[in-house]
There are 2 protein chains.
Amino acid sequence: MRDWTRQKTERATRMDAAAPFADGKVVAADNATDMLRRVIKSGDRVCLEGDNQKQADFLASCLAQVDPADIHDLHIVQSGLVLPEHLDLFRLGIAKKLDFSYSGPQSGAIARALDQGKIELGAIHTYIELFARYYVDLTPNVALIAGVCADRDGNLYTGPNTEDTPTIVEATAYKSGVVIAQVNKIVDKVPRVDIPGDQIDFVVEAPRPFYVEPLFTRDPGAVTDSQILMAMIALKGIYAEYRPKRLNHGIGFATAAIELLLPTYGEKLGLRGEVATHWALNPHPTLIPAIESGWVEQIHCFGSEVGMDRYMSARPDVYFTGKDGTLRSNRLMCQNAGLYACDMFIGSTLQIDLAGNSSTVTPDRIAGFGGAPNMGSDAHGRRHVSDAWLKAGREAAGGAGPLVRGRKLVVQMVETFGEGMKPAFVEELDSLALARKLNMELAPVMIFGDDVTHIVTEEGIANLLLCRNADDVEQAIRGVAGYTPVGMARDRAKVEALRQRGVIRRPEDLGVDPMEANRNLLAARSIRDLVTWSDGLYSPPSKFRNW
Amino acid sequence: MRDWTRQKTERATRMDAAAPFADGKVVAADNATDMLRRVIKSGDRVCLEGDNQKQADFLASCLAQVDPADIHDLHIVQSGLVLPEHLDLFRLGIAKKLDFSYSGPQSGAIARALDQGKIELGAIHTYIELFARYYVDLTPNVALIAGVCADRDGNLYTGPNTEDTPTIVEATAYKSGVVIAQVNKIVDKVPRVDIPGDQIDFVVEAPRPFYVEPLFTRDPGAVTDSQILMAMIALKGIYAEYRPKRLNHGIGFATAAIELLLPTYGEKLGLRGEVATHWALNPHPTLIPAIESGWVEQIHCFGSEVGMDRYMSARPDVYFTGKDGTLRSNRLMCQNAGLYACDMFIGSTLQIDLAGNSSTVTPDRIAGFGGAPNMGSDAHGRRHVSDAWLKAGREAAGGAGPLVRGRKLVVQMVETFGEGMKPAFVEELDSLALARKLNMELAPVMIFGDDVTHIVTEEGIANLLLCRNADDVEQAIRGVAGYTPVGMARDRAKVEALRQRGVIRRPEDLGVDPMEANRNLLAARSIRDLVTWSDGLYSPPSKFRNW
């Protein structure tokens, strides 16, 4: 007779063992490590909430204090591995296997740990893919999450950074797992209930607020003329051509420049209300001038951004907010929106090869994928049409027809030479060397060339939709790769032929004057300008204040 | 000075107007129509929860009672349009525009209403695509949802049929919309909180329990020898070859036959533990014998199934359940699991053309897509590998390599002649005629040929991964199309060459003996057998009981 309730029994045993360290659901910070010792078993799958921004950092430090003799071989399944404590778990032998999405500041440390065999790598996922596996074969046994406050029944207010929390909690709580939340404060009544107490087993008031990183703040003061030129090229050659209304922007300076040009150059092109009205987007401060100028109908956010909370609370017609007035973000919902409801993804990358494959991996750094592979892929399951989507699909197919699907616009913006004058265009991605070194069966490619529709550099646009074979693609890419070795090795006749076909478009072909491309075009030229645009509602993090 | 809080003000006005018809959050059934009159305005986007199974049928009938002079031009945004009341809204002039996913029993009525101009069609979506748009450009102003019970604070227990509810509520509640729930019972304390009361504005105790349809119950007694043969072919030629561990099955009899063969023929092939261990699946009663025989590790469900609740509650190691013991389903999570975490989708269709495009549309019926376009599409954003996925991708690419992505196995099972001896293989899908008639820019195709990897008929398997051009695909399809006109028009020499290349595999090539393909192979031959396998825990709906 098979026992079909092993997980429920196991859960009850753990909860009983932890009970002495709790007062109902409330666990004192001093007892947190002891409680974790009772709740977590060697070999468990543990999600130690590390989102793109918000970190369950106190619980991470508690977990790092357990004795590896007691708890070892944990399988960490979490989207972000960004704190030193996260790496400590592997260094100390508490954790062994890792499935994740994004590493950011720990990308160097992860590369070293993998190389030294300290981490057994499951896989690097795009966010929504990892979330999917929470419900199939990577269901957490224990989830350690973070919120702003909770009541004594465990009702949780996540605050504006809801991010991954509901997705993690649902997978864990409904599969007989244990959910533990660190909160900044235990209160009598939460401002709103983002997660019902039914799904939370323990709450710990952490000695300090959870860590959250401002990741999406780009100082307009640091936008270069070259980025402004690329933004003008994109606005004239892509926004004005395809008119994508629903879209996502990546987090680089090139897309920040587009945001800052909407109320100026975009207005001149007559695009207000015609493009970029509905967004799946992090709360980019650089979008404030466009919002205030009436460009934006609605924005759904993956997470929040430090300093933007008061502004978003004052703009509930644009942002998703709760009855308490603060932002509601949700990474799963927003990633799904990016995949299925957006006509365009436009973002930056580090390296592009001759087939249009792109990567942010360097030999020493594995930054992970985050959301890019999802946002930047064409959803074959999409069945609703839009003009932008159909136009892209028809360019790719060479014509219209009832069986001709549309295509998502996937635009990569890249300056031909990146940081330290490293060429962005390469014969082989660094990612391939890494794959060989770590014996990976699939190289960590951010976006594969077959999903990329346009590459924008300061030299112009390569429209890969109009390419008809691999040679077209290669010469189209060489044709916008500037003075990089890849660009220099172009076949000039072929590139000129591609230009005649409209595959390559130069600034002059678009009527974009590079002389105009300067900071006078920006709707805001400093963080302070953004504060002014926001009517004082935007409160930039101190590191961005120089006044 | 622009008003940025128009939606919050509008919401407050509506809530105030509705307040006289409520006692706190509780609205008496007799007051429901009056309350809706105050809450809903002409032109609103309304989600009248119609899921694949669960229906907010009482609220639908209340809404159908409002005066079209007061409320008209509603834009209905809901996944299922399956009740006569849903159509009434359009017939009466209360609703005008429609964005939906699935129509099931109303597929004929929808086709007629579209033809007569009674419905302005937004689009037919796959589920997760419509959910995505809830967060971008189809956010509901009002959501009318259904749950099992609620307390007076609005805390909602959805019961096993959670389905779309959390996704609808989140989009509406956090964008200043109004959420109204019909429940079977208002109680002092709900068994578990699936949706916090904070997100629910009004609850109505309906005069009868919400309607729910058993959609996934297939009587083993109705499985034919031909379906058993196809199931054997699939098990030997696909399951045993690719070893997909994570998968989804469609709802047809052919996949039900596979489920019923796992403990018999599958066991003989030595596949237990090697395939089909983790599922994104509705609670198919026909999977009970495989579960009881130890084949299945874990199942996440889109929704529930009438009669399966007690069985699932007793098998929490397999199914996702709450602390109260009942199933937790979630369509968005499960669709995401099917898209990103599954190695295989296998299901049936009605028509397949010479490029492998498939459709369930007939000239008179628009059944919608449901989840198939999503489950049956290759996620280009996937970055984790599995053996099954890599093998499929390498077959398509003609080799391995660090830049060779895998492919999801997308298998279409179809008998060469369907109901009424209608050929399943056609030169042109009926869907195209419909697109012409309704001036649709994209024909309603369920799964496009470029995502299909295998077609299984009683004549054998066509492996489209190994096809190298459109002619290969056409002849591979003709080569398994039997005695249909499409099959008869095959080029015999080319088909034989494809067989030599392993593109086409006949039962004899696989060592499958059609003489063995009979009902003796089924692990359960009747609904009653399923009850026995379940140890009496499965309680089939009365229409499936003949004892």
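Values as computed for the structure displayed
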{"read-out": "Check: segment B:136-294 dipole with +1 on Lys, Arg Cβ and -1 on Asp, Glu Cβ, in debye", "value": "460"}
{"read-out": "Segment A:29-110, relative contact order in percent, only Cα pairs under 8 angstrom and at least six apart counted", "value": "30"}
{"read-out": "Ranking of A:I128, B:I40 by count of other Cβ atoms within 10 Å, fewest first", "value": "B:I40, A:I128"}
{"read-out": "Fraction of antiparallel bridges per DSSP, the protein assembly as shown only, in percent to nearest 5", "value": "30"}
{"read-out": "Three-way shape label, the protein assembly as shown, alpha-carbon gyration tensor, a/c 1.5", "value": "rounded"}
{"read-out": "Peptide B:162-174, shielding by other chains (average Cβ, 10 Å cutoff)", "value": "3"}
{"read-out": "Across the identical copies, how the B:L438 labels are spaced - nm, sorted shortest first, 7 Å along Cα→Cβ", "value": "4.7"}
{"read-out": "Debye log10 I(q)/I(0) at q = 0.10 Å⁻¹ for segment A:1-99, Cα point scatterers", "value": "-0.29"}
{"read-out": "Hz values of 3J(HN,Hα) by residue in segment B:525-542 - Karplus curve (6.51, -1.76, 1.60), Gly and Pro given as x", "value": "10, 7, 4, 4, 4, 5, 4, 4, 3, 7, 6, x, 7, 7, 10, x, x, 4"}
{"read-out": "Three-way shape label, segment A:452-506, alpha-carbon gyration tensor, a/c 1.5", "value": "rounded"}
{"read-out": "Residue order, fewest to most surrounding Cβ atoms within 10 angstrom, among B:W4, B:W279", "value": "B:W4, B:W279"}
{"read-out": "Estimated vicinal HN-Hα couplings, Hz - segment B:317-324 in sequence order (Karplus 6.51, -1.76, 1.60; Gly, Pro = x)", "value": "5, 8, 9, 7, 9, x, 5, 6"}
{"read-out": "MRE, 222 nm, helices only [DSSP H, n ≥ 4, -39500 (n - 2.57), over chain A, to nearest 500]", "value": "-7500 deg cm²/dmol"}
{"read-out": "Exposed trypsin sites (Lys or Arg not before Pro) absent: longest stretch of chain A, with sites in DSSP loops and at most 12 other Cβ within 10 Å deemed exposed", "value": "A:190-467"}
{"read-out": "Within 10 Å of each Cβ in A:337-344, the average number of Cβ atoms from other chains", "value": "6"}
{"read-out": "Charge dipole (debye, nearest 20) of segment A:24-212; +1 at Cβ of Lys and Arg, -1 at Cβ of Asp and Glu", "value": "120"}
{"read-out": "Karplus (6.51, -1.76, 1.60) ³J(HN,Hα), θ = phi - 60°, over segment B:264-280, in Hz, Gly and Pro reported as x", "value": "10, 5, x, 4, 4, 7, x, 8, 4, x, 9, 9, 6, 8, 10, 10, 9"}
{"read-out": "Average projection area in nm² (convex hull over Cα atoms of segment B:382-425, one quarter of hull surface)", "value": "4.3"}
{"read-out": "Ranked B:Y134, B:Y102, criterion: other C-beta atoms within 10 Å, fewest first", "value": "B:Y102, B:Y134"}
{"read-out": "Unsatisfied cross-links (Cα-Cα over 27 Å) in the set A:K97/B:K245; A:K97/B:K391; A:K25/B:K54; A:K268/B:K175", "value": "A:K25/B:K54; A:K268/B:K175"}
{"read-out": "Percentage relative contact order, chain B, counting C-alpha pairs under 8 Å, at least six apart", "value": "14"}
{"read-out": "Cβ neighbours within 10 Å from other chains - mean over B:120-132", "value": "5"}
{"read-out": "Spin-label model distance (nm) - A:M1 vs B:V187, 7 Å beyond Cα toward Cβ", "value": "2.8"}
{"read-out": "Bridge type composition, chain A - antiparallel percent by DSSP, nearest 5", "value": "30"}
{"read-out": "Shape category assigned to segment A:285-409 from the gyration tensor of Cα positions, a/c cut at 1.5", "value": "oblate"}
{"read-out": "Residue and distance (whole Å) for the chain A Cβ nearest the axis that superposes A on B", "value": "A:P196, 2"}
{"read-out": "Within chain B: Cβ-based charge dipole about Cα centre, in debye rounded to nearest 20 (Lys, Arg +1; Asp, Glu -1)", "value": "640"}
{"read-out": "Exam field: B:R519 pseudo-label spacings to other copies (7 Å along Cα-Cβ), nanometres", "value": "8.2"}
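Taken together, the values in this text are just the output of simple stated rules run on the coordinates, not laboratory data. Quick caveat, the model's predicted, so the values are computed rather than measured. All Cβ positions, even for glycine, are placed from backbone atoms using ideal geometry, and neighbour counts span all protein chains on display.
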